[in-house]
Amino acid sequence: MRNRGKKKQPYDLVLYFDACASRLKPCTNSCRNNKEYMCRHRLRSPNPLIFRHSGELSFLHLSDFQVILDFIWKLTHTPPKLITPKTKFFIVTRDKNFLRDAENGWDAKRKKRTQPKLSFNQDLRVVQCNSFIIKIITTHSDSVVDLIKTINNVLPRY
Ligand SMILES: [Zn+2]
């Protein structure tokens, strides 16, 4: 369909799916009103932006902190108007050690002057880079229903 110059709304939520995380189903013509169909429309978010560690980069097998940097790279290449101070950022992974491994990997690789800087808070399960505060969501289930529940549960509290 042609875009009739309708302005894009800012994203309230940006999700980045780690390679190991379950996938949401692709949207269809009738998904919007089908509560059983586990696509992005089941997320409790009016306008989410979804990235995935896949596609042209999947062969690289990014390490955990590289996944974070890939997410930040994608965020900095998103039109700034579409990201507001209210936008929330999440990485969804099945790896329960993701954030710890990311911090260890980052500490081992970075040099004093490495930019941008990442700062980790393992208790809050958060990593920050400049103005981006990214919360890590861990899911342990293969089920997309559980995945969406887990994400939706985190949204209002964050
Ligand atoms: Zn949908």
Which listed residue is modelled with pLDDT of 95 or more and of a type in the set (A, V, I, L, M, F, W, C), from PHE90, PHE65: PHE90
Any hit, the stretch 83-99, residues being free of Cβ contacts under 8 Å to residues at least 60 places away in the same chain and assigned to a loop (DSSP other than H, G, I, E, B): yes
Residues of the stretch 117-140 satisfying the condition of being in a loop (DSSP other than H, G, I, E, B), farther than 20 Å from LEU49 by Cβ and in contact (Cβ under 8 Å) with a residue 12 or more places away in the chain: LYS117, LEU118, GLN122, ARG125, HIS140
Residue match in the stretch 49-59 (condition: at pLDDT below 95 and within 13 Å of the ligand (Cβ to nearest atom)): yes
Residue list for the stretch 128-148, filter: surrounded by 14 or more Cβ atoms within 10 Å (Cβ to Cβ) and more than 12 Å from the chain's Cα centre (by Cα): GLN128, CYS129, THR139, VAL144, ASP146, LEU147, ILE148
Residues that are under 21 Å from SER141 (Cβ atoms), near the ligand (Cβ under 10 Å from one of its atoms) and assigned to a loop (DSSP other than H, G, I, E, B), drawn from the stretch 21-33: LEU24, PRO26
Residue within the stretch 69-78 that is under 16 Å from the mean Cα position of the chain (by Cα), modelled with pLDDT under 95, more than 15 Å from the ligand (Cβ to nearest atom) and within 23 Å of SER143 (Cβ to Cβ) present: no
Hits in the stretch 34-45 (condition: within 13 Å of the ligand (Cβ to nearest atom) and either surrounded by 13 or more Cβ atoms within 10 Å (Cβ to Cβ) or of a type in the set (A, V, I, L, M) (or both)): TYR37, MET38, CYS39, ARG40, HIS41, ARG42, LEU43, SER45
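The values are calculated or read from the model by the stated rules, or taken from the named source; none is laboratory data. Since this is a predicted model, take the numbers as computed values, not measurements. As a convention, Cβ positions derive from the backbone with ideal geometry for all residues, glycine included, and neighbour counts pool all protein chains shown.
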